[in-house]
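Values quoted throughout were computed directly from the atomic coordinates according to the rules given, and no laboratory measurement underlies them. What you see is a predicted model; the values in this text were computed from it and never measured. FYI the Cβ positions are ideal-geometry reconstructions off the backbone, even for glycines, and counts take in every protein chain you see.
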Amino acid sequence: MLNFELQNPTKILFGKGQIATIAKEIPANARVLMTYGGGSIKTNGVYEQVIEALKGHEVVEFSGIEPNPTYETLMKAVEIIRTEKLDYVLAVGGGSVIDGTKFIVAAVDFEGEPWDILAKSIRTTKAMPFGTVLTLPATGSEMNSGAVVTRVATQEKLSMGGPGLFPKFSVLDPEVIKSIPERQLRNGIVDAYTHVLEQYMTYPANAWLQDRFAESILQTLIEVAPKILADPSNYEAAANFMWSCTMALNGLIQKGVPTDWATHMIGHELTALYNIDHAMTLAIIFPNLYRNRFDNKKEKLAQYGERVWNITEGTTEEKAHAAIERTVAWLHELGVKTRLSEYTSDYAHTGEFIEKRFTERGWKGLGERRDITPEVVKEIVEMSY
Ligand code: NZQ
Ligand code: ZN
């Protein structure tokens, strides 16, 4: 097991009716900016619950944070905070609203051009305080310190993070899942599943407990997927789905183990170029990344095949191959398409384009062994056409 530090300060308020309790988490005299997306909270009752809970606070609203939040939109919220002198932010939404809010709270007091936080990978150690009300289980953003922001002008989608970006608190009320459309439920399942894979499908590191944590999240997602897709108002399924997504990316399972994340880095390019939903970009890339880096990953692939899919026959290699194919079959069972050409007809030069971008950015070696060079990225993307 590798050495590690673990600190996660986010307070979780889990369960039915928890939105009503948020006022006690926000200082009584705070002037609050409430951030949200395109309006789903106005039709599913979440907006009313938040406004009712905050009736003792002064609240300014900022709506219109789009899926894959953009720098261009978020800077408008930064201006509002500066001119109105607000001192707390409450994000009400999915990963995009929460990520966008992380950018906003980091940018407000940033000296210089805030896009540099992403372009120059500047860690955020201090930011304005913020809390979240999660409406879409998927990203884990509600209990981690990362965010991903898009710049429309340059078609770039980049990550940021740092210890200043943990939410002070997050409300996880599984009842919000009732109104989530099937497409977004599917996205949430696939995103959380891939988060676990990114932190697990590397090489054995004698981290037995972390492996079992990871496998249990995968097994729970497999169990819950058909139930939540069939009936998002099934509270027990919703609760297990929601907690699995949070646990998949709150830092716990990555401690003491090598991590990959190359699928995400490549996937972000596909979203920036073609506006493909984040989770779907992962489903396009990870099977081919595992086929391409097979020798690096075969021990963990075989272990995953055995423990998660009950593939017990054959050599390590045979079990590892079968594990990849079983996972792709599962994605298809969920209705997920796994080829780039099924999402866009404009894919012919994608591999070359991303290879060039990664070279320019100096991303010379991704993955747990730092051997996914821009040339290998091109191969993986071309395998995914
Ligand atoms: O904007 P509104 O109207 O709220 O609608 C949203 C949006 O259209 C809708 N929605 C959310 N909750 C709903 C709902 N509709 C009905 N009922 C509800 N309860 O769903 C749509 C998608 O929302 P979005 O927030 O974009 O989805 P998701 O949570 O999947 O977030 C994706 C973003 O998170 C980033 C992705 O790159 C992408 O930009 N990620 C963030 C990570 C992190 N911070 O750790 C890690 C992830 O790997 C990921 O990269
Ligand atoms: Zn993701």
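Annotations
- Karplus 3J(HN,Hα) series, Hz, for region 131-148 with 6.51 cos²θ - 1.76 cosθ + 1.60 (x for Gly, Pro): x, 9, 10, 7, 10, 8, x, 5, 7, x, 4, 5, 9, 9, 10, x, 7, 10
- Dipole of the chain, positive direction: furthest Cα of Y203, F358, N310, with charges on the beta-carbon: Y203
- Protection proxy ranking, peptides 162-168, 79-85, 279-285, average beta carbon neighbours within 10 Å, highest first: 279-285, 162-168, 79-85
- Annotation: extensible slack from A348 through Q155 equals 67.7 nm (criterion: 0.36 nm per residue apart, minus Cα-Cα distance).
- The amide H of G162, built 1.01 Å from its N in the peptide plane, has T124 as neighbours under 5 Å, considering only residues 5 or more places off or on other chains.
- Evaluated over region 11-176, the count of Lys pairs having alpha-carbon atoms less than 16 Å apart is 11 (only pairs 8 or more residues apart or interchain).
- Theoretical FRET efficiency, 1/(1+(r/R0)^6), r = Cβ-Cβ of D295 and M75, R0 51 Å, to 0.05: 0.65
- The alpha carbon gyration tensor of region 181-383 gives principal lengths a ≥ b ≥ c with a/c of 1.5 or higher and a/b no greater than b/c, which makes the shape oblate.
- Residue list for region 243-261, given a label point 7 angstrom along the Cα-to-Cβ vector of A205 and an amide N cut-off under 19 Å: 247-261
- Cα gyration tensor of the chain - equivalent ellipsoid semi-axes, whole Å, descending: 34, 24, 19
- Local electrostatic count at N288 - Lys and Arg +1, Asp and Glu -1, tallied over other residues with Cβ under 13 Å: +2
- When you count the other C-beta atoms within 10 angstrom of each residue and take the mean per peptide, 89-100, 213-224 line up highest first as 89-100, 213-224.
- Distance between region 18-64 and region 136-195 - C-alpha centres, whole angstrom: 19 Å
- Taking K42, K255, K11 as the candidate residues, the one with maximal mean-square fluctuation in a Gaussian network model of the chain, Cα springs under 10 Å, is K42.
- Listed residues E142, E342, E198, most fluctuating in the chain (Gaussian network, C-alpha, under 10 Å): E342
- Computed over the chain, relative contact order equals 15 percent, with contacts defined as Cα pairs under 8 Å that lie 6+ residues apart.
- Contour excess over end-to-end distance, with Cα ends at R31 and E360 and 0.36 nm allotted per residue: 114.2 nm
- L366 long-range amide H proximity, modeled H, under 5 Å: D371, I372, T373
- Listed residues I266, I372, I51, most fluctuating in the chain (Gaussian network, C-alpha, under 10 Å): I51
- The simple Förster model, with R0 at 25 Å and r as the Cβ-Cβ distance, assigns K120 and E182 a FRET efficiency of 0.05.
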